[in-house]
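Each remark here refers to the structure printed beneath this line.
Since every read-out is calculated from the coordinates, none of them should be taken as a lab result. Keep in mind that what you see is a predicted model, and the values were worked out from it rather than measured. All Cβ positions, even for glycine, are placed from backbone atoms using ideal geometry, and neighbour counts span all protein chains on display.
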Amino acid sequence: MKKIVLKSLIASLCMGMSLPVFAQDANYNDTLKLSLDQCITIALSENPSIKVADMEIERMDYSKKAVIGQLLPSISFAGQYSRTLEKQTMYLNMGALTGGGSSSAGGEEASTEKASSSSSSSGASGIKMGLDNSYSLGFSASMPLIAPQLWKSLNLSDTQILQSLETARKSRLDLINQVKSAYYGLLLANDSYRVILDNYENAKFTHEIYVKKHELGAASDYDVLRTSVAVKNVEPELLQAEIGIKQAKLQLAILMGIDAAIPFEATASLAEYEQTMYEDALAINKDTEKNSDLKMLDIQTQSLKDALDIQKMAWCPTLALTANYNWTSMSDGNLFKNFRWSPYSTIGVALSVPIFQGGQTYSKVKQAEIQVKEMKFQRENLERSINMQVEIAVDNINKNVKQIASSAESVKQADKAHEIVEKSFKIGAASYLDLRDSELALTRSRLAYYQSIYNYLVANSSLELLLGNADIERYTTAE
């Protein structure tokens, strides 16, 4: 995926380009206009959790290379030096060597007596054997020729890489869902702020009218105070709405992995999503094939099957090729003198056939078989649970669609009622309380309308996460 640099994103967005790119030394004077797709694209490139997931894939790739390396020849160099502190003493029994046969000549008897005398002397003191210094240098190499467990370990490494890939995909799906929820939260905060601001402006405008009427003697002090209180009552709600916008922007900036000091605005509004909600609700796909939890469980099951095969391969013989080339030297006296290096080399094969290991391999195989069977029941239970969650999510979406339609109709009626009361108030046919009640009813209906759209969008995003069918490639760019 393409590296996103902050400076280029700001420049491109300010010029109206569709693809954002970021850098840290940018000038933050201009406010960025970000769509939902742009926010997700930035998050998938800059969020630290995604970078960690990608690094985990790279780590597992090196892990597989380490397993492959065990099938290749290994060569090592070793050196050893030893100093003899006390030499070994050997005693000889020369009498046993010379007394085994009969003697017929006098010369031979004399020789035998002399040898016996020498043997007695040797047996008393012994012979010192060995040299002071011993050196050994050389290379050794080995390569497995038949290694069933190592061969099966490659399949296990492949499964672990698939697990890392699925973990990374799940991280992206989670991030997409979080960014969507945060973006929708920002839209809700913006629309709520506009609704409350309209209510505030209406209350303020009415108060100003009564102030002017009071100056002309056409309104009482009570009317002025009552309208002033109405304005003051809206101000805390307006302040809370402003705080809500700041919090939503901060949360979205954190998810995108950008500096919170960068000013940006959302380019959409909640009302725009009402145009496509009916079509989207009818096109809901309940297929759970791409559910990340199910895919992860399937990969874990395959990993256990690979581990079972590895345990079974412990019964198979192994054959390895070995080779050595060494130099040795032995000397007396100074360890840095009188070197006499003598090379020697060997080559051979080493065969290992397991016969009996106390039943360890059999027990490990049975453990692995039980784990595989357990995963089967866990998948059945997880699949039922996910299907139930999907049905609940779809019901919530349909309920929210109906709520949006009802809220939209309520807004129309409240707006029409407010127009009637407002006209009546201007000609003196309606009181201020009637006008204020109609304004509050219109405000509540608008807030309920936007809240219902927000609930629908969040429920739809949660279902997308549950099904795991978010189009990740849509938000990624080529190198």
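Annotations for the structure displayed:
- Rg(Cα) / (2.2 N^0.38 Å) computed for the chain, rounded to two decimals: 1.89
- Cα→Cβ-extended label distance, 7 Å offset, between LYS212 and ASP174, nm: 5.9
- Full extension of the segment from ASP395 to PHE339, taken as 0.36 nm per residue of separation minus the current Cα-Cα distance, would add 11.2 nm.
- Theoretical gain in end-to-end length, ASP158 to ASP434 [0.36 nm per residue, Cα-Cα removed]: 92.1 nm
- Neighbour net charge for MET375 - beta-carbon separation under 14 angstrom, K R +1, D E -1: -2
- Label reach from SER142 (point 7 Å along Cα→C-beta): in the range 322-341, amide nitrogens under 16 Å belong to 322-325.
- Direction-averaged projected area, Cα convex hull, the range 191-246: 3.5 nm², rounded to one decimal.
- Value of relative contact order over the range 189-340, rounded to a whole percent, pairs C-alpha under 8 Å and six or more apart: 18
- Within the range 152-166, backbone nitrogen closer than 18 Å to the virtual label 7 Å beyond the Cα of GLN70 toward Cβ: 152-162
- Between LEU150 and ASP132, the modelled label-to-label distance comes to 4.5 nm, taking each label 7 Å out from Cα in the direction of the beta carbon.
- Net length available on complete extension from ASN324 to ILE355 is 8.3 nm, with 0.36 nm assigned per residue and the Cα-Cα distance removed.
- Distance between the 7 Å Cα→Cβ label points at ALA268 and LYS204: 3.1 nm.
- Size estimate for the range 299-449 follows the Kirkwood approach: the inverse of mean 1/r over distinct Cα pairs works out to 25.3 Å.
- Computed [θ] at 222 nm, deg cm²/dmol, the chain (DSSP H ≥ 4; -39,500 (n - 2.57); rounded to nearest 500): -22500 deg cm²/dmol
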